[in-house]
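Taking it in order: structure first as structure tokens, then the write-up.
The values are calculated or read from the model by the stated rules, or taken from the named source; none is laboratory data. Treat the numbers as computed from the prediction; the structure is a model and nothing was measured. Glycine gets a Cβ as well: all are built from the backbone with ideal geometry, and neighbour counts include every protein chain shown. Side chains are part of the model used for accessible areas, which takes the heavy atoms of the whole protein and leaves out ligands, DNA and RNA. Shrake-Rupley method; radii C 1.70, N 1.55, O 1.52, S 1.80 Å.
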Amino acid sequence: MAGVPGQPRRMVALDRREQILSCATRLFESKPYDEVSMTDIAAAAGVARPLVHHYFGTKREVFLAAVHRVADLPPLALAELSASTLSESVETIVDHFLTAISRHQPLWTAMLTMTTSGGDDVRAILRQSDETTADALAQLLGFQLEGAPLATYHGASAAFGSFAREVAREWVVEGRLQREDCYRLLVATLSAAIDQLATTAS
């Protein structure tokens, strides 16, 4: 049945879910996980709380969906590397990773804390992100890694992803490193990993 003239079209389910997730992500980015409630999320999205439960179930499920949003290196950032040298690409990748953490620090703090306190669901998302990012980077760095065994490349990429998050945790959770410390350490480590893979492939 057609809508009533002059009345806005009802938001389809996918759009409504996206609206709720966008509002929830902003909340998780602005304050700690424990300070965000399902009532807060519903209010921010302008919907009734039962609707949030309908689409996501629990606050944890909303949070995991938000983690999916910020865990991957966006395609635009990867595209920017295509005209760069290898060393410039490494520096850009690391800078983007640390900048993303700065912009979404409460969300990343919760993510990194959960990975050390039984957050298997969060770890699974981050591991999947490692694989997705590894595939994207391989297309850009493939000329340096041509011939490297795929399993070796993905293993090294996953290991670096885990290491990078531990370095980030020392910055945003433990406070024992500063951003510049993280930058230097990650640039050196990623450069060494790529050099090693290139040696393996040759």
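Rounded to whole numbers, the Karplus 3J(HN,Hα) couplings from phi for region 185-191 are 5, 6, 4, 5, 5, 5, 4 Hz, using 6.51 cos²θ - 1.76 cosθ + 1.60 with θ = phi - 60°, and x at Gly and Pro.
What the Cβ-Cβ distance of R103 and M38 gives, at R0 = 22 Å and to the nearest 0.05, is a FRET efficiency of 0.35. Here region 26-72 is treated with +1 on each Lys and Arg Cβ and -1 on each Asp and Glu Cβ, and its dipole about the Cα centre works out to around 100 debye.
Using the Cα gyration tensor of region 150-202, with a ≥ b ≥ c the square roots of its eigenvalues, what is the shape: rounded (a/c below 1.5), prolate (a/b larger than b/c) or oblate (neither)? Could you put the intermediate results ahead of the total?
Details: a/c = 5.66, a/b = 2.10, b/c = 2.69.
Taking the square roots of the gyration eigenvalues as a ≥ b ≥ c, region 150-202 is oblate.
For M38, the solvent-accessible surface computed with a 1.4 Å probe is close to 10 Å², ligands and nucleic acids excluded.
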